[in-house]
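Each reported figure results from applying straightforward, stated rules to the coordinates on display, with no laboratory input. Note that the coordinates shown come from a computational prediction; the quantities given were computed from them, not determined experimentally. Because the Cβ atoms are built from the backbone with ideal geometry, glycine has one as well, and the counts that use them run over all protein chains shown.
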Amino acid sequence: KWKEVANLYLDLKDKYKSRVFIVRYEDIVGNPVQLTRELFEFFELNFQKQTEEFLDKSTTSHHKNYYSVYKNKQVIEQWKDELDPYIINEIYDDLKNTRLEVFI
């Protein structure tokens, strides 16, 4: 199902280029302030100090709760230790040479 949803979002981006902004999780975790600035600019919103402060606070502390937004940059690689390497390879092989490859 996640592939269906990803393809749906890519289709929407193709159809409504000026209305859809796709964010890769790794990119927002890697540079949250810069990517959020780009996101706000894309949708013609003002990037406020309050947003920057929240991003700083939420990315410099880490809460283990699965749904918490307070996560540090280690979460980018963490899944690799939790998922069976066989499954990881199957996912890579399945996405190779597809438009979903940008997400791996």
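Okay, here's what the table says:
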| read-out | value |
| --- | --- |
| Only one of Lys13, Lys17 that is farther than 20 Å from Gln74 by Cα, out of contact with any helix residue (DSSP H, G or I) (no Cβ under 9 Å at 6 or more places or on another chain) and surrounded by fewer than 11 Cβ atoms within 10 Å (Cβ to Cβ) | Lys17 |
| Filter result for the condition that a residue is of a type in the set (Asp, Glu), out of contact with any Ser or Thr (no Cβ under 7 Å at 6 or more places or on another chain) and surrounded by 10 or more Cβ atoms within 10 Å (Cβ to Cβ), over Glu4, Glu44, Glu26 | Glu26 |
| In segment 58-74, residue nearest to Asn31 (Cα to Cα) [restricted to those that are touching a helix residue (DSSP H, G or I) at 6+ places or on another chain (Cβ under 9 Å) and basic (Lys, Arg)] | Lys73 |
